[in-house]
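The values are calculated or read from the model by the stated rules, or taken from the named source; none is laboratory data. Nothing here was measured: the structure is a model prediction, and the numbers come from that model. Reconstructed Cβ throughout: ideal geometry from the backbone, glycine too, with neighbour counts over all protein chains shown.
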Amino acid sequence: MAIASKKTVTIDTPPVSKPVESPAFAATEFGKAAETATAPFAEIQENARKAVEKTVADAREAYAKAKNAAEAATGALETSLSAAKTGIAEINTKALNAMRANVEANFDLVHALIGAKSLSDYVSLQSEFARKQIESLTSQAKEFGALAQKVANDSTAPIKDQVAKSFKIAI
């Protein structure tokens with residue numbers, strides 16, 4: 001039997017020469033690589049920060065405008081309510097004066113009717129009283145209508161003006 005011999009083959013490879021790097025050089029290279037890799041993220045962060053700052057500034061501006069509009073509306077409402085209060089007091093005073101005048105006219109009629117000497121005097125006094133009362137009531141109704149219109153205009157004017165200012169409408 002034949003014995004096989006084992007041959008070992010060796011391959012000569014040229015030696016690889018690596019430059020010897022210092023730790024400082026490696027850290028610098030790592031820092032440059034990290035900077036290059038994180039540059040897009042830094043830009044995204046910067047853009048996000050600017051967007052948030054703009055949003056906050058816009059929100060503050062919108063809040064200031066809303067606050068000013070609310071204060072102006074409150075002032076207009078207070079002025080309107082004050083005018084309505086004054087107007088209602090005027091209407092009440094006029095109503096009391098009209099009621100007083102009507103009651104006095106009724107008392108005058110009763111006094112005159114008591115002194116009537118005949119039925120024709122009685123009918124004449126009653127007719128004259130009815131005519132005067134109709135004239136008086138017509139006059140009072142006109143006065144109340146005019147006063148109510150004035151109060152309504154005075155009461156709504158501040159609110160109308162404020163709405164026109166708020167929405168920049170020409171009235």
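Structure summary
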item	result
Odd one out for Thr55 among (1) assigned to a helix (DSSP H, G or I); (2) free of Cβ contacts under 8 Å to residues at least 24 places away in the same chain; (3) over 37 Å from the mean Cα position of the chain (by Cα)	(3)
Tabulated pairs, segment 95-124, first over 23 Å from Thr138 (Cβ atoms), second in a helix (DSSP H, G or I) and of a type in the set (Phe, Trp, Tyr), C-beta under 7 angstrom, 6+ apart or interchain	Leu113/Tyr122; Ala116/Tyr122
Gln149 vs. criteria polar (S, T, N, Q), assigned to a helix (DSSP H, G or I) and in contact (Cβ under 8 Å) with a residue 12 or more places away in the chain	no
Some residue of segment 133-154 being closer than 23 Å to Arg100 by Cα, surrounded by 13 or more Cβ atoms within 10 Å (Cβ to Cβ) and over 48 Å from the mean Cα position of the chain (by Cα)	yes
In segment 116-125, the residues that are part of a loop (DSSP other than H, G, I, E, B) and modelled with pLDDT of 90 or more	Lys117, Ser118
Evaluation of Gln45 against (1) surrounded by 11 or more Cβ atoms within 10 Å (Cβ to Cβ); (2) at pLDDT 90 or above (one fails), failing number	(2)
Ser80 surrounded by 11 or more Cβ atoms within 10 Å (Cβ to Cβ) and touching a residue at least 12 places away in the same chain (Cβ under 8 Å)	yes
Pair list, Cβ under 9 Å, 6 or more apart: segment 132-143 residue touching a residue at least 40 places away in the same chain (Cβ under 8 Å) and farther than 20 Å from Phe107 by Cβ, other residue aliphatic (A, V, I, L, M) and in a helix (DSSP H, G or I)	Glu143/Ala98
